[in-house]
1. Does the range 225-235 contain any residue that is under 25 Å from residue 144 (Cα atoms) and surrounded by 13 or more Cβ atoms within 10 Å (Cβ to Cβ)?
2. Quick check on the range 52-65: of everything there that is of a type in the set (Asp, Glu) and surrounded by fewer than 16 Cβ atoms within 10 Å (Cβ to Cβ), which residue is nearest to residue 19 (Cα to Cα)?
3. If a residue has to be part of a loop (DSSP other than H, G, I, E, B), in contact (Cβ under 8 Å) with a residue 24 or more places away in the chain and closer than 22 Å to residue 247 by Cα to count, how many in the range 167-209 make the cut?
4. State all residues of the range 149-173 that are under 14 Å from residue 239 (Cβ atoms) and in contact with a Phe, Trp or Tyr (Cβ under 8 Å, 6 or more places away or on another chain); if no residue qualifies, say none.
5. One residue is enough: does the range 67-87 have a residue meeting the conditions among the acidic types (Asp, Glu), part of a helix (DSSP H, G or I) and free of Cβ contacts under 8 Å to residues at least 24 places away in the same chain?
6. Identify the single condition in (1) farther than 20 Å from residue 77 by Cβ; (2) modelled with pLDDT of 90 or more; (3) of a type outside the set (Asp, Glu) that residue 56 does not satisfy, given that it satisfies every other one.
7. Given the options 211, 196, name the one that is farther than 18 Å from residue 239 by Cα and either surrounded by fewer than 14 Cβ atoms within 10 Å (Cβ to Cβ) or among the polar types (S, T, N, Q) (or both).
8. Specify which of the listed residues (207, 211, 255, 235) is within 14 Å of residue 159 (Cα to Cα), modelled with pLDDT of 85 or more and among the polar types (S, T, N, Q).
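The values are calculated or read from the model by the stated rules, or taken from the named source; none is laboratory data. All values derive from a computational prediction rather than experimental measurement. Cβ placement follows ideal geometry from the backbone for every residue including glycine, while neighbour counts extend to all protein chains displayed.
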Amino acid sequence: MDEWTGQGGGVSAGTRNVRVLLLDDEPANLHLRTAILRQHGYHCIPAATIDEAIEVFDQIDIAVLDYHLGSGKFGTEVAYALRRSRPAVPIIILSATLERHFGGAEDMHLLKGYSSVEDLLSALSALEAKRRGVPVVVDARDFFYSRIAMAIGSDVLVQIFDHTGIWMHCNDAAAEYLGQPRDWFPGRCVFDEMPTLMRDWRDVLRTVSHTRETYIDRTRRGLLALPKTGELNVTWSVLAFPITLHDDRSGVVLTARILERNNGLFS
């Protein structure tokens with residue numbers, strides 16, 4: 001049994017005629033997901049194998065495919081086959097694989113363990129517009145990186161960079177600490193935007209990205225070149241570890257949190 005559980009909800013008039021293919025090789029997961037979506041008004045067509053899924057391609061409006069199907073089979077095989085057969089059908093991939101990159105045949109990728117029933121229902125609702133012929137643009141990158149940050153913890157400063165120092169993501173805690181709104185960061189280079197504020201992380205980002213090693217710093221140096229007021233006696237835990245970015249390049253997750261507030265001098 002996986003984590004896709006939720007509360008009962010009303011049946012939306014717009015969902016009654018939406019036919020959703022659910023593919024999962026785990027019977028318990030398939031039964032649970034089918035029951036939940038039917039409870040919310042969707043007409044579900046369950047499939048336990050790739051062959052069963054392919055047989056109903058002409059009967060569906062949206063496909064929800066589990067990524068790992070066992071025996072070396074993957075939901076992406078069905079996604080590519082469906083895209084060739086019926087290119088207008090929206091596809092959602094469910095996966096527990098954190099470093100799965102985007103850009104395949106799917107329209108959206110939900111991480112199991114960090115996505116709720118509400119996330120799946122919202123995805124289905126949004127992609128239903130595509131069934132009516134309205135183009136839907138899903139920013140899978142932000143969803144991907146925000147789920148990584150969520151897994152690390154909302155109280156930890158989380159920044160995700162490519163190897164040159166371009167921000168891919170910055171969580172709320174890091175954005176507040178650095179004094180900019182969260183959506184200011186993606187696409188900007190830390191070394192151009194904050195040449196004197198941030199410590200020179202250039203070598204660390206380049207080394208972690210290229211060698212796939214992990215950098216750990218538990219000192220009073222902190223995240224910035226110059227400590228903020230009250231941080232002179234604060235011990236930080238700074239961690240940089242490699243990650244595969246959404247476009248399959250190598251990147252770095254940089255996290256920071258306060259370990260100790262020494263002598264009561266933190267303010």
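1. Of the residues in the range 225-235, the ones under 25 Å from residue 144 (Cα atoms) are none.
The answer is no, given that none of the residues of the range 225-235 is under 25 Å from residue 144 (Cα atoms) and surrounded by 13 or more Cβ atoms within 10 Å (Cβ to Cβ).
2. Here the residue is 58.
3. So the count comes out to 3.
4. Of everything in the range 149-173, those that are under 14 Å from residue 239 (Cβ atoms) and in contact with a Phe, Trp or Tyr (Cβ under 8 Å, 6 or more places away or on another chain) turn out to be 151, 157, 159, 160, 161.
5. Checking the range 67-87: not a single residue is among the acidic types (Asp, Glu), part of a helix (DSSP H, G or I) and free of Cβ contacts under 8 Å to residues at least 24 places away in the same chain.
6. Unmet condition: (1).
7. Checking each option against the conditions leaves just 196.
8. Details: 207 fails: within 14 Å of residue 159 (Cα to Cα); 211 fails: within 14 Å of residue 159 (Cα to Cα); 235 fails: within 14 Å of residue 159 (Cα to Cα).
The unique qualifying residue is 255.
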